[in-house]
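Structure first, then comments.
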Amino acid sequence: MRTDLYQGHDYYLMDEWLTEEHKLIRETARAWVKKEVSPIIEEAAEKCKFPEHLLKGLGEIGAFGPYIPTEYGGAGLDQIAYGLIMQELERCDSGLRSTASVQSSLVMYPIYKYGNEEQRKKYLPKLASGEWMGCFGLTEPDFGSNPGGMITNFKDMGDHYLLNGAKMWISNAPFAQIAVVWAKNEQGRIHGLIVERGMEGFTTPTMHGKWSLRASDTGELIFDNVKVPKENLLPGKNGLGAPLGCLDSARYGIAWGAIGAALDCYDVALRYSKERIQFGKPIGAFQLQQKKLAEMITEITKAQLLTYRLGQLRNEGRATSAQISMAKRNNLAMAKQIISDARQILGAMGITGEYPVMRHMMNLESVITYEGTHDIHLLITGMDITGFDAFK
Amino acid sequence: MKILVCISKAPDTTSKIAFSDNNTKFDENGVQFIVNPYDEWYALVRALEIKETLGGTVTTLSVGGADYEPIIRKALAIGADDAVRIDAAESDSLYVAKQIANYAKGKGFDIIFCGKETINYNGSVVPGMVAELLDLPYVALAHKIDLAGNTATIMREVPGGEEVLEVNTPFVLSAAKGMAEQRIPNMRGIMAARTKPLAVEAASAADASTTVKGYSLPPAKSGCKYITPENAGDLIRILHEEAKAL
Ligand SMILES: Cc1cc2nc3c(=O)[nH]c(=O)nc-3n(C[C@H](O)[C@H](O)[C@H](O)COP(=O)(O)OP(=O)(O)OC[C@H]3O[C@@H](n4cnc5c(N)ncnc54)[C@H](O)[C@@H]3O)c2cc1C
């Protein structure tokens, strides 16, 4: 890939709403990404392997659980800071952001929110530094959009639980030390369990053949009579609402991340349009290309405003799940359109690994599906405004 | 080692350069400021490395208004122990050098680090003036420094080669490229910077010795000229008559 010349774009001067510390956090994440990730991301995506040597650095820039309180190894930052970090990571690659989102929102968040003090003390500091990585097992081969139907289950054996079942499409699974697994008890109630690598009967085969999110490792979680110590059950919350609460946090980060991917493609396309000469002038001087670029920055600006406001609401504890769904859905649609237009502006160069556009385009096919598909988020908004459940 | 690092701000390299007040002032409107790279990447980071191996403290000093604070917080996030801001509008080099010297006088700094220049005005004169005002040895454009006790071995580039110098503390040094590698602050550093001391001191009495009469931008680049092989002779004529390069 070429030198990473990325510059942020802030058409409505929204930086004025950020604190100096927010800006420093964003600048730090951006500088780290440019130094450590941009030079290697294309090769990682080609090889379909997550660059594990980045984990320590991700921990150092605060990408793992930035909003977790400092007493548990987090940075105690607000939701805007979390969003900004996710935006900078996804600006480079959705796979990089996915690794951090899963660790922060799907592993650290449930342990912090639903775990007891011993669990928090045992896991959170190591997860914050990246010494340990975690994954989140909700989806199953036959239960994707409908996780409530899951088959994975555990039985109370007196001094331990016996876990059986299988999870599929699990980010970070191949290298994670721990998995937060959602399974039904004998009464059919969903609970979260922390399963550790090394427990007998627990395996994590890698899934191959992805054309999307190639720089992130995805695997299965297979539980064959795994004995899980009783102290590994998350006591704080049960029922489908427990995993859905984690998804709220992750989806919020994805809403920011999608803006990052869009900004990167806009930035590349804008620069290219000023440099590429056809018919004797820069292609950016033609109205058709200006239409694409002008619409891109308009849509990015709208998404930035929507998402910043959502961050404020989350800081105040007032953001609803439906509001988060709206932002995730809107920003993914926005980013996909921008990436597609950017690819066209780059002509044939746009399909090569010289530019990040195709990689972003392929990545977003996962992002628009995981953490609730595009359709499911629409149904959530639909139900919220009409009161009718159109899921079933 | 008690080290002072002078930190200046500079516009981000992608900034659009424009002037105001009848072309006598740099127009800061919409400009993003960064820590002057020579101060950050080379002077500050090398000072921190020295502190990490030999112990001691690293204090940063900036001469400027309240708008300097994000820059200073970044230096603290990278690892400086404390910071001082002399509350003054930056004026000419001698004025800034006098502020630095007046602050540093009698405080017992072993080394005063500066960057070799700021990337906006490229004056390269403040560190030399500071050394003169404090009556200290000065090594300019250094790209390597090692310390043994109070003796520093310093390398600097000279045309076509390298010069190795020895100097005893205290001294003033201006850091050039190669002295250290960029250090990106980490989250722990950013959090620690919140509570590190940043003292604001009043400017000492000093006057600027020069006034700016005007700035102008370099002439716009003219495009490429192609010369076909058959007309190679034209090249000599153009270089001679138009570019005046021969
Ligand atoms: C790269 C990647 C990483 C992932 N990481 C994780 C992870 O870490 N942990 C985890 O638990 N999961 C993970 N997932 C799984 C992801 O969350 C699921 O793929 C997603 O929830 C959709 O489920 P599904 O693929 O089974 O699709 P399905 O649910 O089968 O959906 C297929 C289609 O039917 C539509 N549909 C479904 N129900 C309805 C309805 N009621 N009305 C209208 N349309 C409907 C959907 O919108 C979709 O278009 C990951 C997926 C990918 C691709």
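The values are calculated or read from the model by the stated rules, or taken from the named source; none is laboratory data. What you see is a predicted model, and the numbers here were worked out from it, not measured in a lab. Here the Cβ positions follow ideal geometry from the backbone for every residue, glycine too, while neighbour counts run over all protein chains shown.
Of the listed requirements (1) touching a residue at least 12 places away in the same chain (Cβ under 8 Å); (2) farther than 26 Å from residue A:120 by Cα, residue A:291 misses just one: (1). All conditions in (1) within 12 Å of another protein chain (Cβ to nearest Cβ); (2) within 15 Å of residue A:88 (Cα to Cα); (3) among the hydroxyl-bearing types (Ser, Thr, Tyr) hold for residue A:38, with the sole exception of (1).
Taking first residues from segment A:213-232 that are at negative phi and within 14 Å of chain B (Cβ to nearest Cβ) and partners that are within 16 Å of the ligand (Cβ to nearest atom) and in a loop (DSSP other than H, G, I, E, B), no Cβ contact under 8 Å between residues at least 6 apart in sequence or on separate chains turns up.
Given the criterion more than 10 Å from the ligand (Cβ to nearest atom) and within 30 Å of residue A:53 (Cβ to Cβ), identify the matching residue among A:190, A:222, A:151. Write out each step before concluding.
Numbers: A:190 fails: within 30 Å of residue A:53 (Cβ to Cβ); A:151 fails: within 30 Å of residue A:53 (Cβ to Cβ).
Just a single option satisfies the conditions, and that option is A:222.
Kindly establish whether residue A:131 is over 18 Å from residue A:249 (Cα atoms) and away from the ligand (no atom under 11 Å from the Cβ). In short, yes.
Can you spot a residue in segment A:276-299 that is closer than 19 Å to residue A:89 by Cα, of a type outside the set (A, V, I, L, M) and either under 24 Å from the mean Cα position of the chain (by Cα) or modelled with pLDDT under 95 (or both)? So that I can check it myself, show each step before the final result.
Keep residues of segment A:276-299 that are closer than 19 Å to residue A:89 by Cα, which gives none.
Looking for residues that are closer than 19 Å to residue A:89 by Cα, of a type outside the set (A, V, I, L, M) and either under 24 Å from the mean Cα position of the chain (by Cα) or modelled with pLDDT under 95 (or both), one finds none in segment A:276-299, hence no.
Residues of segment A:371-392 that are within 9 Å of the ligand (Cβ to nearest atom) and surrounded by fewer than 22 Cβ atoms within 10 Å (Cβ to Cβ): A:373, A:374, A:375, A:376, A:378, A:379, A:390, A:391, A:392. Among the residues making up segment B:179-220, a single one is surrounded by fewer than 10 Cβ atoms within 10 Å (Cβ to Cβ) and within 14 Å of chain A (Cβ to nearest Cβ): B:195. Elements of the type strands (runs of 3 or more DSSP E) sitting completely within segment A:127-211 and holding at least 2 residues that are surrounded by fewer than 18 Cβ atoms within 10 Å (Cβ to Cβ): these cover A:153-156, A:160-171. Would you confirm whether or not segment A:329-338 contains a residue that is away from every other protein chain (no Cβ under 14 Å), without any contact (Cβ under 8 Å) to a residue 60 or more places away in the chain and within 13 Å of the ligand (Cβ to nearest atom)? Yes, that holds for at least one residue. When residue A:23 is tested against (1) within 14 Å of chain B (Cβ to nearest Cβ); (2) not in a helix (DSSP H, G or I), exactly one condition is not met: (2). None of A:142, A:93, A:156 is without any contact (Cβ under 8 Å) to a residue 40 or more places away in the chain, of a type in the set (D, E, K, R) and within 15 Å of the ligand (Cβ to nearest atom) except A:142.
Just one of (1) more than 16 Å from the ligand (Cβ to nearest atom); (2) in contact with an Asp or Glu (Cβ under 6 Å, 6 or more places away or on another chain); (3) among the hydrophobic types (A, V, I, L, M, F, W, C) fails for residue A:162. It is (2).
Output the residues belonging to segment A:64-88 that are among the aliphatic types (A, V, I, L, M), within 13 Å of chain B (Cβ to nearest Cβ) and not in a loop (DSSP other than H, G, I, E, B). Correct list: A:81, A:84, A:85.
Among A:97, A:120, which is surrounded by 24 or more Cβ atoms within 10 Å (Cβ to Cβ) and within 27 Å of residue B:186 (Cα to Cα)? Give the derivation first.
Working: A:120 fails: surrounded by 24 or more Cβ atoms within 10 Å (Cβ to Cβ).
The conditions single out A:97.
So, in segment A:41-63, how many residues would count as being more than 12 Å from chain B (Cβ to nearest Cβ) and not aromatic (Phe, Trp, Tyr)?
Step one: list which residues in segment A:41-63 are more than 12 Å from chain B (Cβ to nearest Cβ), which gives A:41-55.
Filter once more, keeping what is not aromatic (Phe, Trp, Tyr): A:41-49, A:51-55.
The total comes to 14.
Could you look through segment A:343-366, keep only residues that are surrounded by fewer than 20 Cβ atoms within 10 Å (Cβ to Cβ) and of a type in the set (D, E, K, R), and pick out the one that is nearest to the ligand (Cβ to nearest atom)?
Just the residues of segment A:343-366 that are surrounded by fewer than 20 Cβ atoms within 10 Å (Cβ to Cβ), to begin with: A:344, A:347-349, A:351-354, A:358, A:362, A:365.
Checking which are of a type in the set (D, E, K, R) leaves us with A:354, A:365.
On the way: A:354: 25, A:365: 8 Å.
Restricting to residues being surrounded by fewer than 20 Cβ atoms within 10 Å (Cβ to Cβ) and of a type in the set (D, E, K, R), the top hit is A:365.
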